[in-house]
Every structure is written in C-alpha cells, then in structure tokens.
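I have placed the structure first, in the form of structure tokens, so that the comments after it can refer back to it.
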Amino acid sequence: MSITGAAKLAGVVGWPVAHSRSPALHGYWLNEYKIDGAYVPVPIRPENLRRAIQAMPLLGFAGCNVTVPFKEDALRAVDDYEPISKRIGSINTIVLRPNGRLFGFSTDGYGFLTNLRSSLVGFNAAAGPAVVLGAGGAARAVVTALLDDGATEVRLVNRTPERATKLAKELGGPVRGIAWESRAEALSGAMLLVNATSLGMEGQPALELPLDNLPHEAVVNDIVYVPLETPLLAAARSRGNRVVDGLGMLLYQAQPGFEAWFGVKPEVTQGLRDAVLATLKRS
Ligand code: ATR
C-alpha cells in the first residue's frame with residue numbers, strides 16, 4: 001500500500017537489524033488494515049543508542065521496537081518504563097506518550113502467554129509445575145509471565161547452574177534452579193515444558209532431553225521457531241503431548257506495539273503466519 005505525507009511512523013532499532021522479521025510482520029498488518037503508516041528497520045550503532053531513541057519523537061516516530069543487542073540498554077534510554085520491565089531486565093517496545101515522554105515496556109511475556117492461551121483454550125499457569133529450560137533473556141520473560149499468571153512451581157533448568165540459581169533467587173517465589181544433568185528427572189509431574197534456550201534451532205546443537213518422565217497431559221512449548229516443528233515438539237507430539245510452536249510468541253509480542261502506534265489491535269491470523277513463515281524460508 002502506498003503512504004501519504006501524513007503517514008504514521010514506527011520501526012525496529014537494532015544492530016544489525018537486517019535479520020529482523022518485524023518489518024515484514026508489521027508491514028503485513030499495515031497492508032491488511034489499509035493504514036497510512038510505515039514500519040522501517042533502523043540500524044543504530046551501539047554508541048548512539050540513547051541519542052537515537054531520544055530523537056525518535058523529533059523525527060515524528062510514534063515509537064519503535066528494540067531488538068538485539070539493545071533490549072537491556074534500552075531500559076536506560078527511555079524516560080519511563082513499566083515497573084515489571086525492571087524485573088524482566090529488558091524492554092522491546094517504546095511508545096511516545098501524549099505527554100511527550102518515551103515509555104518502554106516488554107511484550108515478550110504477553111506474547112508467550114497469549115500464544116499458549118490462543119492455542120490451548122483454558123490454559124492456566126497455576127494448573128501444575130512448569131519446567132523452563134534456559135536462564136537468558138527469553139527464559140526470564142517466560143518465567144516472569146508464568147509467575148504473573150499464578151504459577152505455583154517453576155523448575156528452572158540451565159546448563160550453567162549459577163545463572164539458574166541467580167535468576168531463581170532474583171525472581172523469587174516458587175522458582176527453583178535445577179542442574180542441567182537432572183533435566184530428564186525434572187519433568188516428573190510437570191504440566192508445562194518450555195524450551196527457552198537456543199538448542200534445537202537451525203544451526204545450533206540439538207536439545208537432548210528424554211521425555212519419558214513427562215506426563216502425557218503436559219503441554220510442550222518451544223520458543224525456537226526455525227524450524228517451526230523442532231525435534232523437541234516432534235518428539236512430544238509423537239508421544240501424545242499437546243505442543244505449541246514458537247512462531248505465535250513472535251507474532252503476539254508485536255500486537256501491543258502496533259496497536260499503540262497505529263491505533264488498531266491487529267489479529268494474528270493464518271495469513272500472517274504464512275507471510276512471516278515465507279520470510280523465514282527465504283533466509
Ligand atoms: P536469550 O537472551 O535469547 O535467552 P542467552 O542469554 O544467550 O539468549 O541465553 C541462551 C540460553 O540457551 C542460556 O540459558 C544458555 O545456557 P547458559 O546459561 O549455560 O549459557 C542456553 N544454551 C545455549 N547453548 C547451550 C548448550 N549447548 N547447552 C545447553 N544450554 C545452552
């Protein structure tokens with residue numbers, strides 16, 4: 001769709017940013033809803049991050065997404081942020097408020113939970129123990145979202161045990177760090193298993209995890225989406241577990257930003273999934 005001189009502007013700030021799927025994703029919605037707007041990639045050198053973000057309103061941007069490697073540093077580049085962002089340790093969305101201040105928040109947890117809820121009607125984190133693999137930024141967002149949704153037990157399994165213990169201590173509540181060597185046993189009695197590591201992603205090592213101890217009623221979610229059906233999801237599916245792929249998290253995390261910048265709450269549809277999947281296949 002062509003745009004006019006009055007087009008609303010947003011984009012994604014990163015370094016490099018060429019890998020980002022966000023322009024294709026938001027571009028699909030702009031087209032779908034016939035919005036006079038543009039969403040562009042904005043490559044910013046790390047030393048310029050704060051100045052670039054602070055300049056967004058001057059350039060007429062309604063806001064932006066923030067991707068690697070800036071998700072943590074962007075927290076210090078905005079004027080205000082959602083209190084929970086501090087606990088998550090990062091933001092991925094910035095909105096220019098009517099008062100002229102730049103407001104940052106993270107939509108990763110929203111994307112994660114909305115993906116599970118839309119795939120599994122009645123999903124409830126309080127239903128039983130969850131096992132989360134990983135202790136990086138993605139795992140942090142996942143665990144925070146599970147706690148907010150009422151999780152009563154989160155088993156955090158990570159290769160580097162200190163990272164799991166540190167994160168468990170920081171997030172508090174029912175989060176417990178577990179050694180990587182004990183990951184197969186940690187699945188006993190779990191109702192949810194989430195892979196929040198990069199294992200199983202194209203070009204990365206495989207995730208070695210026997211699922212024998214996982215109850216058949218448990219849900220398995222991989223945040224990796226290249227390939228869409230990871231070996232973990234394939235193994236879980238073949239033994240009868242319900243599985244949720246990681247593409248939905250990517251798509252749903254984009255919803256709140258789009259709505260704030262362009263004024264329409266966009267839908268995650270099969271058409272959108274197909275369009276974003278096509279960009280993944282091309283790379
Ligand atoms: P992100 O912010 O995307 O979560 P990250 O902070 O680099 O990325 O975290 C990657 C996660 O994958 C970590 O939990 C990492 O484990 P470590 O904390 O021990 O580094 C995990 N990971 C990466 N490669 C791994 C491997 N070969 N075996 C086990 N875990 C791995």
What pairs come up if the first residue lies in the stretch 177-198 and is closer than 14 Å to residue 220 by Cα, the second is part of a helix (DSSP H, G or I), and their beta carbons are under 7 Å apart, counting only those six or more places apart or on different chains?
191/127; 193/187; 194/142; 195/232; 196/138; 196/139; 196/142
With criteria (1) within 16 Å of the ligand (Cβ to nearest atom); (2) in a helix (DSSP H, G or I); (3) closer than 30 Å to residue 34 by Cα; (4) hydrophobic (A, V, I, L, M, F, W, C), residue 226 comes up short on (2)
So, in the stretch 169-189, of the ones that are at pLDDT below 95 and open to solvent by less than 50 Å² (accessible area, probe 1.4 Å), which residue ends up nearest to the ligand (Cβ to nearest atom)?
171
Boolean, residue 268 is surrounded by 13 or more Cβ atoms within 10 Å (Cβ to Cβ), assigned to a loop (DSSP other than H, G, I, E, B) and not small (Gly, Ala, Ser):
yes
Show the residue pairs meeting these rules: Cβ distance below 6 Å; 6+ apart or different chains; first residue within the stretch 143-155 and part of a strand (DSSP E or B); second residue of a type in the set (Lys, Arg).
155/176
Do we find a residue being surrounded by fewer than 21 Cβ atoms within 10 Å (Cβ to Cβ), within 16 Å of the ligand (Cβ to nearest atom) and not hydroxyl-bearing (Ser, Thr, Tyr) anywhere in the stretch 234-243?
no
Complete set of residues in the stretch 21-70 that are among the charged types (D, E, K, R) and in a helix (DSSP H, G or I):
32, 47, 50, 51
Quick test for you: out of 210, 205, pick the one residue that is open to solvent by 30 Å² or more (accessible area, probe 1.4 Å), assigned to a loop (DSSP other than H, G, I, E, B) and more than 10 Å from the ligand (Cβ to nearest atom).
210
Exactly one of (1) more than 19 Å from residue 144 (Cβ to Cβ); (2) not assigned by TED's automatic domain parsing to the domain that holds residue 145 is unmet by residue 74. Its number?
(1)
Can you tell me which of 68, 121, 78, 40 is open to solvent by less than 50 Å² (accessible area, probe 1.4 Å) and aliphatic (A, V, I, L, M)?
78
Within the stretch 214-223, take every residue that is open to solvent by less than 70 Å² (accessible area, probe 1.4 Å) and in a loop (DSSP other than H, G, I, E, B) and give me the one that is farthest from residue 234 (Cα to Cα).
215
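The values are calculated or read from the model by the stated rules, or taken from the named source; none is laboratory data. Please read these numbers as outputs of a predicted model, since none were measured by experiment. Reconstructed Cβ throughout: ideal geometry from the backbone, glycine too, with neighbour counts over all protein chains shown. For the accessible areas, the whole protein counts, side chains as well, though only heavy atoms, and no ligand, DNA or RNA atoms are used. Shrake-Rupley method; radii C 1.70, N 1.55, O 1.52, S 1.80 Å.
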